[in-house]
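Notes follow the structure.
The values are calculated or read from the model by the stated rules, or taken from the named source; none is laboratory data. None of the values given here were measured: they were computed from a predicted structure. Cβ placement follows ideal geometry from the backbone for every residue including glycine, while neighbour counts extend to all protein chains displayed. Note: accessible area is taken over every heavy atom of the protein model, side chains too, but ligands, DNA and RNA are not part of it. Shrake-Rupley method; radii C 1.70, N 1.55, O 1.52, S 1.80 Å.
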Amino acid sequence: MNIKRITFTICLLAGAFLSAPLISSAQHAQAVKATQFTPGTIWADNNGVHINAHGGGLLFDKGKYYWFGEHKIAGGAGNRAMVGVHCYSSKDLYNWKDEGIALPISPDSTNDIAKGCILERPKVVYNKKTKKYVMWFHLELRGQGYKAARTGLATSDKVAGPYTFIKSYRPNAGFMPFYPEGTPDADKVDCANPKNKSEGFFCRDLPGGQMARDMNVFLDDDGKAYHIFSAEENFTVDIAELNDDYTAHTGKFSRVYAGHQTEAPAIFKRNGIYYLIGSGTTGWDPNPARWFTAKSIYGPWTYRGNPCKGAGAEITFGGQSTYVLPIAGKKDAFIFMADKWTPKDAIDGRYLWLPITFKGDDIEINWAEKWDLNVFKK
Ligand code: GAL
């Protein structure tokens, strides 16, 4: 090949390269069908865009999983709700299709879910009786920081929405806790004489309803649904019964691990045992997770320590719990889902999904760089 020819060939190659569309790593990732989970990396949706569904929850509906989560924007402003609740769907849990915004925030600044409010940890359940999809979320009114501590409700006839905002409030106003059999007398509240800080907050909030921040919704096998939330300035987790339509609290609830400050509660059930996984309260920074078990949903719940094992266990591998997914049709298959928050650039938050390992009735969560659903076969 003479010099002229070599130059010509180089030019041709360079031309071809330059005219080719630049493929970002995210686009590349989605072009190849995903066959495994890679916790903490960019998870591209069907458009090659990092999935934007933080603090999320999943619903299995007619053969598909739907993932609902907080849509975050770039920068620190992304810690407030500027867009709404984003929804994605998947048949295999690895590859996700963007279904758009399921619940948009309101452009009306007087609305409870006005742009700039804080709308966190949305969870959706389907109500067979009303045939409605019911979404609950943690709501902080615009401009009030984390003071309002309300729960919000939206419903839809279609799984991916659009959802209609119904109301927001503090639950169980005027109701004293329910004490399951076995509750020690020392754990019962007397508002004439609150024994500690958490009982003080409980009694303070009794007339107007309990604070409701980090949360989940749990659907039991008997069709009953429960709202689980950090209450009493996060000192206690409340497990509260929802009515048959799943659209209101009934006033029956118990207090779990009062006085210890638990956030990010996620709940599941296996072999008749209820499991609760939560975190400590260090804002966006990770801390050790904690788990509890109980024979009845209302408790008494037993504290079991940190379910995470190995390097990174003391900071939940950099994440904070958001949901535990029972895999449809598989026995003993549960995914622990956590968020790795990036508050300085909220949109860049990552998803840490890890399998839960059972040792008898005990659980363990171990870090895995990559894994797939075959781990549940073993
Ligand atoms: C976390 C909580 C998040 C968010 C954050 C705000 O502890 O789990 O959902 O509320 O605090 O600092």
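The test for being within 18 Å of the chain's Cα centre (by Cα) and surrounded by fewer than 19 Cβ atoms within 10 Å (Cβ to Cβ) holds for Asp220.
Residues that are more than 16 Å from the ligand (Cβ to nearest atom) and polar (S, T, N, Q) occur in segment 125-139; there is at least one. A residue that is within 16 Å of the ligand (Cβ to nearest atom) and in contact with a Ser or Thr (Cβ under 8 Å, 6 or more places away or on another chain) cannot be found anywhere in segment 353-370.
The residue list Lys224, Lys197, Lys188 contains one member that is under 23 Å from Tyr146 (Cα atoms) and either touching a residue at least 60 places away in the same chain (Cβ under 8 Å) or not aliphatic (A, V, I, L, M) (or both), which is Lys197. Selection of strands (runs of 3 or more DSSP E) fully inside segment 214-296 by the criterion of at least 2 residues being under 25 Å from Arg204 (Cα atoms) returns 215-219, 225-231, 236-242, 249-256, 263-270, 273-279. Of all residue pairs spaced 6 or more apart or on separate chains, those with beta-carbon atoms under 6 Å, a first member in segment 331-353 that is touching a residue at least 40 places away in the same chain (Cβ under 8 Å) and a second member that is among the basic types (Lys, Arg) and crowded, with 23+ Cβ neighbours inside 10 Å are Ala346/Lys72; Ile347/Lys72. Close Cβ contacts (under 7 Å, 6 or more residues apart or on different chains) running from residues in segment 108-121 that are under 14 Å from His71 (Cα atoms) to residues that are open to solvent by less than 20 Å² (accessible area, probe 1.4 Å) and among the acidic types (Asp, Glu) comprise Cys117/Glu140; Ile118/Glu140; Leu119/Glu70; Glu120/Glu70; Arg121/Asp214. Would you point out the residue of segment 202-213, among those that are open to solvent by 20 Å² or more (accessible area, probe 1.4 Å) and assigned to a loop (DSSP other than H, G, I, E, B), that is nearest to the ligand (Cβ to nearest atom)? Per the criteria, the residue is Arg213.
Could you please let me know if Ala81 is of a type in the set (A, V, I, L, M, F, W, C) and in a loop (DSSP other than H, G, I, E, B)?
On the way: of a type in the set (A, V, I, L, M, F, W, C): yes; in a loop (DSSP other than H, G, I, E, B): yes.
Yes: the conditions hold for Ala81.
Looking at this structure, is Thr250 out of contact with any helix residue (DSSP H, G or I) (no Cβ under 8 Å at 6 or more places or on another chain), of a type in the set (Val, Ile, Thr) and either closer than 17 Å to Gly280 by Cβ or surrounded by fewer than 17 Cβ atoms within 10 Å (Cβ to Cβ) (or both)? In short, yes. Scanning segment 227-237 for residues that are more than 14 Å from Tyr169 (Cβ to Cβ), under 17 Å from the mean Cα position of the chain (by Cα) and open to solvent by less than 10 Å² (accessible area, probe 1.4 Å) returns Ile228, Ser230, Val237.
With respect to the conditions (1) over 19 Å from the mean Cα position of the chain (by Cα); (2) acidic (Asp, Glu); (3) closer than 22 Å to Trp341 by Cα, Asp112 falls short on a single one, namely (3). Looking across segment 268-282, the residues that are within 16 Å of the ligand (Cβ to nearest atom), touching a Pro at 6+ places or on another chain (Cβ under 9 Å) and in contact (Cβ under 8 Å) with a residue 40 or more places away in the chain come down to Leu276, Ile277, Gly278, Ser279.
For first residues located in segment 56-84 and at pLDDT below 95 and open to solvent by 40 Å² or more (accessible area, probe 1.4 Å), partners that are part of a loop (DSSP other than H, G, I, E, B) and not basic (Lys, Arg) and lie 6+ apart or on another chain with Cβ distances below 8 Å do not occur. In a residue-by-residue description of segment 106-122, the property of being under 17 Å from Tyr226 (Cα atoms) and within 15 Å of the ligand (Cβ to nearest atom) applies to at least one position. Of the residues making up segment 297-344, just one is closer than 27 Å to Ala240 by Cα, within 14 Å of the ligand (Cβ to nearest atom) and open to solvent by 30 Å² or more (accessible area, probe 1.4 Å), namely Tyr323.
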